[in-house]
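A quick write-up on the structure given underneath.
Rule-based calculations on the coordinates, nothing more; no lab input. Keep in mind that what you see is a predicted model, and the values were worked out from it rather than measured. Here the Cβ is made from the backbone with ideal geometry for all residues, glycine too, and neighbour counts use every protein chain on show.
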Amino acid sequence: MNSVSPSAVQYIVGGGAHEDKPSAQSRRHNGHGSVPDGLREGSGEPDEVDRLKAKFMSAWNNVKYGWTVKSKTTFNKSSPLILLGQSYLFNSEDEVDGFRQAFVSCVWLTYRREFPQLEGSSLTTDCGWGCMLRSGQMLLAQGLLQHLMPPDWRWADCHPLTDVDFEVSGSSEGHRRTPARYPEASHEPQLEALHRKVVSWFGDHPSAPFGVHQLVELGKESGKRAGDWYGPSVVAHMLRKAVARTAEFHNLAVYVAQDCTVYKEDVLRLCESPLTQELSESWKSVIILVPVRLGGESLNPSYIECVKNILKLKCCIGIIGGKPKHSLFFIGFQDEQLLYLDPHYCQPVVDVTQGNFSLESFHCNSPRKMNFSRMDPSCTIGFYAQTKSDFESLCSAVSEVSALSSSKEKYPIFTFVEGRGQNYGLEGQSGGSTDGPANIFSCNRMSRNSKRGSTDEFVLL
């Protein structure tokens, strides 16, 4: 089956995980930004020329994103690591193994090559331009795992971690604790079948509901085409539309915050909407996506503590972010470094329509970290609430985060307010009165009129 061994080193040489701003020349060749007009439908050039250009770009990207270099990620044994709301302290084999199972169980979605041609272009790969789509897919996949799987589910075939090292740095005083007991990986056939089904929804073929083909089609409604750069705000709305148009998810909704504000009544109306007379559910589970901008050209350091506190919440399902023009999926942190999954690795397409397709290339066992200071200020934060009670707990949890962080920040990252919002951006949620008081973060409304960026629809904080 077309897959790569997770024991292979999974990150790239030069122009990859350490490249912040690709040059104009590299953008012309690798697809950061728009692909050449000759790859567009209706360019007037012969089909043969289009095919040759597509083959050239595919060959270039296979080299650029296919070569790897071995480099170790070092973890501090003396301070806790946060992964999707769970804390791990690497002072015992059980803690390390608990982290391994949780990390490797995350769905890892990367560049693929040789998939069916994207409609309206000659592209058969997303190498060089689809990293934000892949990061968005990973966030949605994490939300679906929380929605469908038991809370303690772990992939039965988790592989050992590779290219990692553990060292003692600083004092462990204040962090000592009895090693926790972590759940064993599940071998239940029903859960493994469901896990495989979730992965298949992100397959690289036109019929996959959350695959690149479907997302590119949804992007056309926002003026985007295959090969364009997608910002985290646009991707958030594309994910909302994709879930809304998938009949299988009648009990799940996606809410995208408007102007850095989550309107609680809009969420309640969305989740309490009557489904059908045949269904007894009275509440839809909800994924809440909050596009924000945490500074101007670079990350405002005053927001780092708040981002850490958000990543500590169990209701947080990750952050679509990265470095400038280089998307990553953030899932945790240790000390002053973010933990992430990197989509910048080109793999052969896997035919997920086959009943027993390989899952190896959809799970990563080589964790990577980067300094908070390198984080691009444009990002989208994801939360998941399964029940109405969970949503209320989410509101309370973020309120506590606000209390911990507000003294250090001039403006909050986002707000939760009573009432309804007005339509914003790409078919925003239904609007209404916003008279109610803010009960999470006391937001300074002056930031609402700040100038928006040219590529993403954010409020500049």
*Could you pull out every residue, at least 5 positions away or on a different chain, whose amide H is within less than 5 Å of the one on residue 77? Hs are placed 1.01 Å off N in the peptide plane, and Pro or chain starts have none.*
167, 168, 169
*Place the peptides 205-217, 127-139, 144-156 in order of packing, highest mean first, counting for every residue the other Cβ atoms within 10 Å and averaging per peptide.*
127-139, 205-217, 144-156
*asked:* Shape verdict for segment 234-273, please, from the Cα gyration tensor: rounded (a/c under 1.5), prolate (a/b greater than b/c) or oblate.
replied: oblate
*Label-point gap, in nm, between residue 196 and residue 86 - each point 7 angstrom along Cα→Cβ*: 2.4 nm
*Please compute the net charge surrounding residue 83, taking Lys and Arg as +1 and Asp and Glu as -1 over other residues with Cβ under 12 Å from its Cβ.*
+3
*Between beta-carbons, use under 10 Å as the cut-off and find the net charge around residue 384, counting Lys and Arg +1, Asp and Glu -1.*
0
*Apply the Karplus parameterisation 6.51 cos²θ - 1.76 cosθ + 1.60, with θ equal to phi minus 60°, to every residue of segment 344-350 and state each ³J(HN,Hα) to the nearest whole Hz, in sequence, with x for glycine and proline.*
7, 9, 8, 10, x, 5, 10
